[in-house]
Amino acid sequence: MTIRSAWHRPTGQTREDTRLAVSLGMASSGPLTARGGCVVGGLQLTGSAATSMQARLSPGRLWVPGGSAAAQGGYPVTVDTDTLLTFADGHATLPRVDALVVRVYDADYDASGRYEAVLEIIQGTPASAPVPPALPKSAELLHEVSVPAGASAARGITWASAVADRRRYTAALGGILPAGGGHGAQGAYVGQYRDVGGRLERWNGSRWMLYTPNAVLNHSIDRGKTTSAGYTETLLDVGSNPFGLTFIAPASGWVQIAVGAHMWNEADKEAYMSVNVRAEGGGTLLSPASDERAAGHNGPGSASTCTNFALGALTPGASYSAIAAFRASPGGGNVAIFDNRFVRVDPVV
């Protein structure tokens, strides 16, 4: 067993001690490791000319995790000035994908005889359908570059379309991670958050979920009718059946469902609109259409009516469908008509 401390003993603090200590305040990727990634805004790659073999990397900072052992710790790296990079000429007939990485050499672990951090272009294998190259240990991927067949200084890389941004980002311990490209996009622990285009996602142990799923609305101005005395998802005289939507259950497992329409009955009797809820793809009804959960109109004339109700015991992150169902009064000649229909589902958080 080894217990380490830093800036504690009068002498003997190792480089490993220091690296492990400085990672304590960073987003975690494991018990002893911090998530690799860039500080937002730096390390952008742009071509030095519209078509050339050279590109310029802007300054920036990043954390490169050691890849040989958890106790190796990680390496804070700074690129402090614009750096001009030259990519090798393309294959005569086949394209390839190159990877631009920041790589750390540490002879204590890799027997390289080197102690340095470098910008390195790892060439991919030319192929008719090229794939990015495998990455070495202790390397953080920044960008992938598509190098066309026959590329050279005379006929170079079209930079506007060749660069795939693979930078991932890091944050303080417990902080919200900015989403970014790159490998290792999985979360490190249940309850970790990241920001994706202004929406929060939460890692549930197997995948990222929207912390607050979107409210979902479906609306139709098509007028349809039914003579069915029992609830049916099929209306006559409309372009498509069924009418509804799919939604994702939030972390609470509860949603609020609203349905409504402009409705009437040709015989001045009942017209009801409710909703069937089931797991997406079919299966047992979790909440069948019912008069208790229906918007209705009974009597002469017409009315715009709606209702809403809460539904719980849903599996967070699972997809469900909410399909409108309609009925008329029992008895011959009763025709219920529905216009301006809508179904809406709001997450409860």
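Since every read-out is calculated from the coordinates, none of them should be taken as a lab result. Since the model is a prediction, treat every value here as computed from it, not as a measurement. Cβ sites come from the backbone with ideal geometry, for glycine too, and all protein chains shown count toward neighbours.
Listing for the model above:
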| read-out | value |
| --- | --- |
| Burial ordering of Asp106, Asp82, fewest other beta-carbon atoms within 10 Å first | Asp82, Asp106 |
| Local electrostatic count at Asn218 - Lys and Arg +1, Asp and Glu -1, tallied over other residues with Cβ under 9 Å | +2 |
| Simple spin-label estimate for Leu84 and Val238 in nanometres, 7 Å along Cα-Cβ | 6.6 |
| Options Ser128, Ala70, Gly42, ranked by Cα towards positive dipole end of the stretch 15-170, top entry (Cβ charges) | Ser128 |
| Dipole magnitude (debye, nearest 20) for the stretch 216-348, charges at Cβ of Lys, Arg, Asp, Glu | 120 |
| Two-decimal Rg to Rh for the stretch 1-147 - Kirkwood Rh, Cα set | 1.04 |
| Ascending count of other beta-carbon atoms within 10 Å, so fewest first, for Val39, Val77, Val104 | Val39, Val77, Val104 |
| Residue-by-residue Karplus 3J(HN,Hα) for the stretch 134-146, coefficients 6.51, -1.76, 1.60, Hz, glycine and proline x | 5, 9, x, 5, 6, 9, 10, 6, 10, 8, 10, 10, 7 |
| Under-5 Å amide H pairs with Val335, H placed in peptide plane, nonlocal only | Glu266, Ala267 |
| ³J(HN,Hα) computed for each position of the stretch 114-128 - Karplus, 6.51 cos²θ - 1.76 cosθ + 1.60, integer Hz, glycine/proline x | 10, 10, 6, 10, 9, 7, 9, 9, 9, 6, x, 8, x, 6, 5 |
| From the C-alpha gyration tensor of the stretch 216-348, square roots of 5λ in Å | 27, 13, 13 |
| The chain - mean residue ellipticity at 222 nm from DSSP helices (-39,500 (n - 2.57) per run, n ≥ 4, rounded to 500) | -1000 deg cm²/dmol |
| Order of His262, His8, His297, His219 under a 10 Å beta carbon neighbour criterion, fewest first | His8, His219, His262, His297 |
| Enclosed volume per residue, in Å³, of the convex hull spanned by Cα atoms of the stretch 119-177 | 133 |
| Table column - 3J(HN,Hα) (Hz), the stretch 32-46, Karplus curve with 6.51, -1.76, 1.60, x for Gly and Pro | 10, 10, 9, 5, x, x, 9, 7, 4, x, x, 6, 8, 10, 9 |
| Contact order relative to length of the stretch 216-348, as percent, for alpha carbon pairs under 8 angstrom and 6 or more apart | 44 |
| Magnitude of the charge dipole, the chain, Cβ model with Lys/Arg +1 and Asp/Glu -1, debye to 20 | 520 |
